[in-house]
Amino acid sequence: MPRKKTKSLKRVLPADSRYQSVMVTRMINKVMKSGKKRLAERHVYSALELVATKTKKDALEVFETAIKNVSPQVQVRSKRIGGTNYQVPMPVAPDRKVHFAMTWMLDIAHNKKGKPFDEKLANELLDAYNNTGDAIKKKVDTHAAAEANKAFAHFARY
């Protein structure tokens, strides 16, 4: 008997106070640890100000372009068929694209040493904006894995 489909109740996030952007709110929530939202806001806003001073462009425009540049189009998912696991390439949903982009950039910024977090995040945003850096490499690797397993794409329907 098939499983019941549940209604997904997506929670609507409010726009942030400074840029009036839901994307910035999502980034703040991803940066936040142990419920310290003010500290996360301070880091994200400071990083966006650094980006604005370095590029002489609107920080929100640079931020959104960076997210768009890092967002993957396809991902591989493991599927068990006939006792064998296949890496099946599948398209990524729009919300998941943003999730992957933000998570990859934050992980890379956290793992770098030697600078304050807001500077590392600003540098990662600039790298993503310019289509360089480790987050773009992660996206390219994900696309390469999907391309390599293209032969199993017909399993996506099962």
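The values are calculated or read from the model by the stated rules, or taken from the named source; none is laboratory data. This one's a predicted model, so the numbers in the text were calculated from it and none came from an experiment. No Cβ is skipped: glycine too gets one built from the backbone with ideal geometry, and neighbour counts run over all protein chains shown.
Just a few scattered comments:
- Counting the residues of segment 134-158 that are in contact (Cβ under 8 Å) with a residue 12 or more places away in the chain, under 30 Å from residue 56 (Cα atoms) and not basic (Lys, Arg) gives 3.
- The residue pairs whose first member lies in segment 107-133 and is closer than 11 Å to residue 66 by Cα and without any contact (Cβ under 8 Å) to a residue 12 or more places away in the chain, whose second member is buried (at least 19 other Cβ atoms within 10 Å of the Cβ) and among the aliphatic types (A, V, I, L, M), and whose beta carbons are closer than 6 Å, counting only pairs six or more residues apart or on different chains, do not exist in this structure.
- Residues within segment 53-96 that are more than 16 Å from the chain's Cα centre (by Cα), buried (at least 19 other Cβ atoms within 10 Å of the Cβ) and under 18 Å from residue 25 (Cβ atoms), tallied: 1
- Leading residue by the ranking (farthest from the chain's Cα centre (by Cα)) among those in segment 1-31 that are assigned to a loop (DSSP other than H, G, I, E, B), closer than 17 Å to residue 46 by Cβ and charged (D, E, K, R): 18
- Pair list, Cβ under 6 Å, 6 or more apart: segment 7-35 residue closer than 26 Å to residue 111 by Cβ, other residue modelled with pLDDT under 95 and crowded, with 17+ Cβ neighbours inside 10 Å: 24/16; 25/16
- Counted residues, segment 110-125 - those being surrounded by fewer than 14 Cβ atoms within 10 Å (Cβ to Cβ) and in contact with a His (Cβ under 9 Å, 6 or more places away or on another chain): 1
- Residue 105 falls short on exactly one of the conditions (1) more than 23 Å from residue 121 (Cβ to Cβ); (2) buried (at least 20 other Cβ atoms within 10 Å of the Cβ); (3) at pLDDT 95 or above, and that condition is (1).
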